[in-house]
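Laboratory data are not the source of any read-out in this text; all were calculated from the coordinates shown. This is a predicted model, so every value here is computed, not measured. Ideal geometry is used to build each Cβ from the backbone, glycine not excepted, and the neighbour counts take in all protein chains shown.
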Amino acid sequence: MTRGTGQGATTEVATSDESWDAVHGNDAIQFSPIKKTPIPEQVPPEPREPGWLERFFEWLGDLLSPIGKLFGASWPVVQWIMIGLAVAMLLYLLYRLLEPVLEFRIKKDAEVEEEWVPEREEALALLDDADRLAQEGRYDEATHLLLKRSVGQISAARPEWVEPSSTARELAALPALPEAARNTFSVIAERVERSLFALRPLVLEDWEAARAAYAEFALQKLTGRHVQEQAA
């Protein structure tokens, strides 16, 4: 019995081996061998050249390193404090270098503001309209027209200067106005107030004074420009 059992086991093992070889040798049911794709070798990126700011901090760190040895363990904190002070000093020096340029631009802008005069066409048109009223003997209306149109010119050119409730006296004392404009408003406003509140009609002399004040202010640069244009 024992021998028979051993022969049966041997036969089963042989049959299993033959079946495995048959299956393994059948190409129809085998998978294709897996091809391994080679992984390209990764080239490490070239080291980036430090920028000027990094080089500055490196130089500053090397410069202050002897001091760091004196502070010992607290040096990292002290280092950043000193770097901050150095940067602040650098910005201050830069500001001092640019300060004359900044002051010049501010001063130039202020001078442009002070040189405001009415537009040439507006000034000439206003004088023409006022002259027609004066030729008819309507000196009060002509003088009042000068004042009213002048306020409108300023309000259109510099809205921040004129409030809706601004009076002629307030405009005459406005610091933002050029001195010539303030003098002009003083002369014209004085005569308009006399006409309105003193109930005294204006005469030819009043009109001529108001007109001369406006023309001297509004046309002084226009005249010089006109002469230059003719010379050209």
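Work out how much length R55 to M89 would gain on full extension: take 0.36 nm times their residue separation and subtract the Cα-Cα distance, in nm to one decimal. Intermediate results must be reported in sequence, preceding the final value.
On the way: separation 34, 0.36 × 34 = 12.24 nm, distance 1.78 nm.
Full extension of this stretch gives 10.5 nm more.
Hull surface divided by four, with the convex hull built on the Cα atoms of segment 120-225: how many nm²? Present the calculation step by step, with values, prior to reporting the outcome.
Values: hull surface 26.3 nm².
It is 6.6 nm².
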Exercise. What nm distance separates the two modelled labels at L196 and E99, each placed 7 Å from Cα along Cα→Cβ?
Worked result: 4.8
